[in-house]
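> Take this structure, written in structure tokens, and hold onto it; I'll ask about it next.
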Amino acid sequence: MKIRPFAVEEWMNAWETGAKYNIAETCVDSISLNELFELTGENKEKFLEYFCEKRLTYGDIEGYPEFKKGICKLYKTIKPEEIIPTHGATGANHHVFYSLISPGDRVISIRPTYQQLYSIPESYGADVQIIDLKKETGYLPDIEEIRRLATPETRMICINNPNNPTGALMDTELLKEIVEIARSVDAYILCDEVYRHLTQSDEWCVSITDLYEKGISVSSMSKVFSLAGLRLGWIATHDKDVIHSCLSHRDYNLISCGMFDEKVAALALKHSEKLLGRNRKIVRDNLALLDEWVRKEKHVSYIKPEAGTTALVYCDLSADSYMFCEEMYRQTGAFVTPGDCFEQPHSMRIGYACDTETLKKGLNAVSEYINWKLEEQRNA
């Protein structure tokens, strides 16, 4: 099976470890177990003692019940038996395609987005049709274009809400329009919802599973709950055929997700409102800081994100975004993601959910590099 190189992950693999100011990170400021126990008020000694005495079997094959119960709180209509735990949201997305997509199936996807949503079905021989999201329309998909591409052969429509890298947010009415198109051709909708709940307002962010009987939601403990090290995600859907197919395929490549990880996740989700309170404050405070920087830095521009942890920032000095970002990294230590990783030239993705001091220093370093480039151009 041939597959395109995963541009954003290859970039992160190459540069993230040595970054001085990591403002490419997409998870909300990660927490330790000590911080988790402090935030939740749970008894750390009792929890750890339980695992010191527990025999490390495969655990609950289809997922620890308390973990699945905690996930249900994040939806309006999902039940525990409609959840399939996976190794992260990347594992969940891959597993959905692996279980449901065959050569020749039409898959409609968007761009920019997380590359899995078009490169994996493409590698399976699907007929992948791309809808390019435009800055001029706030990076929201064109409904008429979806309608034009949706044929009786359409197996799946793939969306990402909130969007990575732009932070665009599809509202309930737009999602309902996409649902009606999908329903008219009996297609699934796969919605990568890893940034859901990280909104800039307190309004409930609806899931595709709460709108559509063939909606498939993918999410994880990483972005929203600051626990990427658990490597836990899930698939949520009402569709019994999807559940059966995913569980059947899961026997070949996953078996179970791990007793310790699922119990930590269950503890976190038991106190989801405390974690969400912490993390929403971080993204809201930090986006205000980023927005102020964009307004003051005259050589950059963006569409202000409505949700998530990332912003796609355009720079009028950047000819090649890879070269721009690598040179900036080497000179100042500021680490961002080239827009070309998302096929968006002359731009960079900035993650604004890190600790506030890192964000401030990172943005100052970007400004320092821009000033250096301007001086270089003047002296050329």
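Bear in mind these aren't lab numbers, they're just calculated from the coordinates by the rules spelled out. It should be emphasised that the depicted structure is a prediction, and the values quoted were computed from it without experimental measurement. Quick reminder, even Gly has a Cβ in these numbers, built from the backbone with ideal geometry, and neighbours come from all protein chains shown.
> Can you list the residues of the range 315-333 with backbone N under 17 Å from a point 7 Å past the Cα of A380, pointing along Cα to Cβ?
315-328
> Take each of the peptides 301-308, 183-190, 326-333, 198-205, average the number of other beta-carbon atoms within 10 Å over its residues, and list them starting from the highest.
With the highest mean Cβ count within 10 Å placed first, the list reads 301-308, 183-190, 326-333, 198-205.
> With the contact rule set at Cα under 8 Å and sequence spacing of 6 or more, what percent relative contact order holds for the chain?
The normalised contact order for the chain reaches 25 percent.
> Modelled label-to-label distance, R183 and T137, 7 Å Cα→beta-carbon offset: nm?
Between R183 and T137, the simple spin-label model gives 2.2 nm.
> Also, I was wondering about something else. Could you check what % of the DSSP bridge pairs in the chain are antiparallel, to the nearest 5?
In the chain, approximately 50 percent of DSSP beta bridges are antiparallel ones.
> At what distance in angstrom do the alpha carbon centres of the range 280-310 and the range 334-374 lie from each other?
12
> Then there's this: On a full-extension model of 0.36 nm per residue, what is the gain between L289 and I3, subtracting their alpha-carbon distance, rounded to one decimal in nm?
99.1 nm
> How many angstrom lie between the C-alpha centres of the range 192-271 and the range 54-121?
First find each Cα centre; the distance between them is then 6 Å.
> Can you compute the FRET efficiency between D320 and E357 using 1/(1 + (r/R0)^6), with r the Cβ-Cβ distance and R0 = 41 Å? Round to the nearest 0.05.
0.85
> Ok, one more. Fully extended, how many nm does the chain gain between A14 and I130 (0.36 nm per residue separation, minus their Cα-Cα distance)?
Using 0.36 nm per residue and subtracting the Cα-Cα distance, I get 39.0 nm.
> Oh, and also: Among all the lysines, which ones have a C-alpha under 30 Å from K176's C-alpha, if same-chain residues fewer than 8 places away are not counted?
Once the sequence-local lysines are set aside, what remains near K176 is K68, K69, K73, K76, K79, K134, K135, K214, K223, K240, K281, K304.
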